[in-house]
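Scroll down for the structure; my scribbles are underneath it.
The values are calculated or read from the model by the stated rules, or taken from the named source; none is laboratory data. Keep in mind that what you see is a predicted model, and the values were worked out from it rather than measured. Cβ: placed from backbone, ideal geometry, glycine included. Neighbour counts: every protein chain shown. The area values use the complete protein model at the heavy-atom level, side chains included, leaving out ligands, DNA and RNA. Shrake-Rupley method; radii C 1.70, N 1.55, O 1.52, S 1.80 Å.
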Amino acid sequence: MKKGLVLEGGAMRGLFTAGILDVMMEAGIEFDGMIGVSAGAAFGCNYKSRQPGRAIRYNTRFAKDKRYCSLTSWWKTGDLYNADFGYHVIPTQYDIFDDKAFEENPMEFYAVCTDVETGKAVYKRLEKSDHLTYDWIRASASMPLASKVVELEGQKVLDGGVADSIPLEFFESIGYDRNIVILTQPDGYVKERNRLMPLMRISLRKYPKMIEAIDKRHLMYNRELVYVYNAETEGRAYVIRPEEKLPIGHISHNPEEMRHVYEIGRKSGERHLERIKKFLE
């Protein structure tokens, strides 16, 4: 039996996930592998480096710092979340990412991106903790319109959630047959077609396959919700969702709002903890 952890994205909703992850880390729960999409990858990497509290710590610390997330950064660099400051300066100077622990932890770690030229998912296994790995995580969380296309190892990529928002089926296909799935939308949520498609068509006009993937994302996402529900019903997956819509948007500059969502996640993790242990056993 291979135990997996599957993390949906959701930008700042990912702080709900971070709260659950910290509870599980503090309880010593280990997985054979983890796969994260967007914020799921950006915050989930701290599970492999065994650093509970890190995601909420640096997000609240730099919530109002224009170097981290701002229109100024977007205007100057093409990225709302500053690529260099957020993914290279913070983890190496301000809130140190434990590269050694990341590499020594045997848990497999995958970040999901979308290839803008094909519109297909890229499942990148990350083993070393270095500049390139930080950039793959950044790419997974690089939202269309809010970020420029990221070029890595011969591929042009953006937000993994466009092609595979909840990669449970992929993780099962590579042998993970007992999975904890953390979602950031409540039960009953149905995704609707992207209202910003006219802007997407202009911004990504060089990449018709990516435009097509974004236009059909809601259909893919809703199919994946059905897949997750069936896996949960059949006992292959244990799913944790927020009980109601999380009180935060894709972007937040409010540390208290961030802490509130994180605490919702922690309380959810504490409620589910014993059932998680039992499921994994």
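Taking each residue of the stretch 14-27 that is part of a helix (DSSP H, G or I) and looking for partners that are of a type in the set (V, I, T) and open to solvent by 10 Å² or more (accessible area, probe 1.4 Å) with beta-carbon atoms closer than 8 Å, six or more apart or interchain, yields L15/I56; L15/I248; F16/I264; A18/I56; G19/I56; G19/I264; D22/I56.
Which of the following residues is part of a helix (DSSP H, G or I), more than 17 Å from the chain's Cα centre (by Cα) and farther than 22 Å from K148 by Cβ: A55, A101?
Unique residue meeting the criteria: A101.
The residues on offer are E151, E117, and the sole one that is over 18 Å from A55 (Cβ atoms), surrounded by fewer than 18 Cβ atoms within 10 Å (Cβ to Cβ) and touching a residue at least 60 places away in the same chain (Cβ under 8 Å) is E117. Residues of the stretch 1-16 that are farther than 16 Å from F171 by Cβ, more than 9 Å from the chain's Cα centre (by Cα) and of a type outside the set (F, W, Y): M12, R13, L15. The residues of the stretch 144-187 that are in contact with an Asp or Glu (Cβ under 7 Å, 6 or more places away or on another chain), closer than 22 Å to F16 by Cβ and in a loop (DSSP other than H, G, I, E, B), listed by number, are S165, I166, L183, T184, P186. Among the criteria (1) open to solvent by 10 Å² or more (accessible area, probe 1.4 Å); (2) part of a helix (DSSP H, G or I), the one A139 does not fulfil is (1). Applying the set (1) within 13 Å of V162 (Cβ to Cβ); (2) assigned to a strand (DSSP E or B); (3) of a type in the set (F, W, Y) to Y221 leaves exactly one unmet item: (2). So, of the residues in the stretch 166-191 that are among the aromatic types (F, W, Y) and crowded, with 17+ Cβ neighbours inside 10 Å, which turns out to be farthest from M143 (Cα to Cα)? Only one residue tops the list, namely Y176. Inspect the stretch 173-187 for any residue being modelled with pLDDT of 95 or more, in contact with a helix residue (DSSP H, G or I) (Cβ under 9 Å, 6 or more places away or on another chain) and within 19 Å of A83 (Cα to Cα) and give the result as yes or no. The answer is no, given that none of the residues of the stretch 173-187 is modelled with pLDDT of 95 or more, in contact with a helix residue (DSSP H, G or I) (Cβ under 9 Å, 6 or more places away or on another chain) and within 19 Å of A83 (Cα to Cα). Against the numbered list (1) in a loop (DSSP other than H, G, I, E, B); (2) more than 18 Å from F43 (Cβ to Cβ), Y229 comes up short only at (1).
Checking each residue in the stretch 73-83 for being over 19 Å from P255 (Cβ atoms) and in a helix (DSSP H, G or I) picks out W74, W75, K76, T77, A83. In the stretch 233-253 there is no residue that is within 12 Å of L183 (Cβ to Cβ), assigned to a helix (DSSP H, G or I) and aromatic (F, W, Y). When each of K48, K76, K100 is tested for being of a type in the set (K, R) and crowded, with 19+ Cβ neighbours inside 10 Å, the lone residue that passes is K48. The single condition among (1) open to solvent by less than 60 Å² (accessible area, probe 1.4 Å); (2) in a helix (DSSP H, G or I); (3) closer than 30 Å to K66 by Cα that N194 does not satisfy is (2). May I ask you to verify whether E169 is in contact (Cβ under 8 Å) with a residue 24 or more places away in the chain and under 17 Å from the mean Cα position of the chain (by Cα)? Yes; evaluated as a whole, the condition is true for this residue.
Condition check for E153 on (1) at positive phi; (2) at pLDDT below 95: one failure, at (2). Annotation: of all residues in the stretch 201-210 being part of a helix (DSSP H, G or I) and either on the phi > 0 side of the Ramachandran plot or more than 21 Å from the chain's Cα centre (by Cα) (or both), the one that is surrounded by the fewest Cβ atoms within 10 Å (Cβ to Cβ) is I202. Filtering E224, E257 for residues that are within 30 Å of K64 (Cα to Cα) and either modelled with pLDDT of 95 or more or open to solvent by 40 Å² or more (accessible area, probe 1.4 Å) (or both) leaves a single hit, E257.
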